[in-house]
Amino acid sequence: MIKINQAYKTFNRGDVNEVRALRGLNLNIDEGEFVTVIGSNGAGKSTMLNLLAGVFAPDIGEIWIGDRNVTRWPEHQRAKLISRVFQDPLKGTAGSMTIEENMAMARLRGQRRGFGWGVTQAGRKQFRQELTQLGLGLEDRLTSKVSLLSGGQRQALTLIMATLVKPRILLLDEHTAALDPGMAQQISSLTARLVRDHNLTALMVTHNMQQALSMGSRTLMMHKGEIILDLQGEERARLTVNDLVQKFASIRKDALDDELLLS
């Protein structure tokens, strides 16, 4: 489903602020696989998601989605294949529009748009059905401005919108990090259910080690633009959060020692 072959990305090349964000990144993800991604700040996690979403192209390398080479596809062209949920709940919705207007826009993802009613009776019925599963009462507030919702409610709405028209890939960029623990757990449960029910291929960046091991079936660890650990199957199932933290600390120490030897 997803293939990244030898992807390199450098920002501010030749400048004092040069950053080598990705260094020969290779990744294969099967269709329907739910992968969590961890790593320190600057490891390249969000850069990898941006690369997949088409925010920018790699300097070198290829990106494939299914049998399509999308390396040079712009972001809007990939939108029909990829949905994304950000850490900031405000990024996924338009606060000045109503709940049903936001959902109507999401319903048109990847389609040609012409003149016509933005919110139809059929659409409104679907929106109510989708929102009812949240248990937040949003199905009774379709005409409320999204700006009146809490951060957790907006993030729940964003997730529903992201999967309203089934994408091939769902990208989740620390999408529970800005929420209180209770709502974060609720959004995590909703995420797992939507990915399962729609059989989505999902890639989720997180700093929460417990979340990294409990969600999905595979965990990647990134460091300095590369994948340095790929955990799945029984190896992943046996790991505790403490084991994962120790692995992370050990790998980072070894990488630092190598850098010092080379300097």
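Return the percentage of antiparallel bridges among DSSP beta bridges fully within region 89-243, rounded to the nearest 5 %. Mind dumping the intermediate values first?
Details: 7 of 12 bridges.
The antiparallel fraction comes to roughly 60 percent.
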Pairwise label distance in nanometres, residue 11 with residue 198, each label 7 Å out on the Cα-Cβ vector: 2.8
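Given the chain, what whole percent of its Cα pairs are spread farther than 22 Å? The partial results should precede the final answer.
On the way: 20175 of 34453 pairs.
Looking at the chain, the distances longer than 22 Å represent 59 percent of pairs.
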Mean ellipticity per residue at 222 nm, deg cm²/dmol - from DSSP H runs of n ≥ 4 across the chain, formula -39500 (n - 2.57): -11000 deg cm²/dmol
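Within a 10 angstrom radius of the beta carbon, how do 1, 161, 204 rank from fewest other beta carbons to most?
Numbers: 1 14, 161 23, 204 27.
Fewest-to-most Cβ neighbours within 10 Å comes out as 1, 161, 204.
May I ask you to list the trypsin sites (Lys or Arg not before Pro) in region 1-47 that are in a DSSP loop and have at most 13 other Cβ atoms within 10 Å of their Cβ?
Details: sites: 3, 9, 13, 20, 23, 45; in loops: 13.
Sparse-neighbourhood loop trypsin sites (Lys or Arg not before Pro): 13.
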Label-to-label distance, nm, for residues given as residue 124 and residue 143 (7 Å Cα→Cβ offset): 0.8
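The numbers here are math on the coordinates, done by the rules we state, and not lab data. Only a predicted model underlies this, so the values are computations on that prediction, with no experimental measurement involved. Methodologically, a virtual Cβ is constructed for each residue, glycine included, from the backbone with ideal geometry; neighbour enumeration extends over all protein chains shown.
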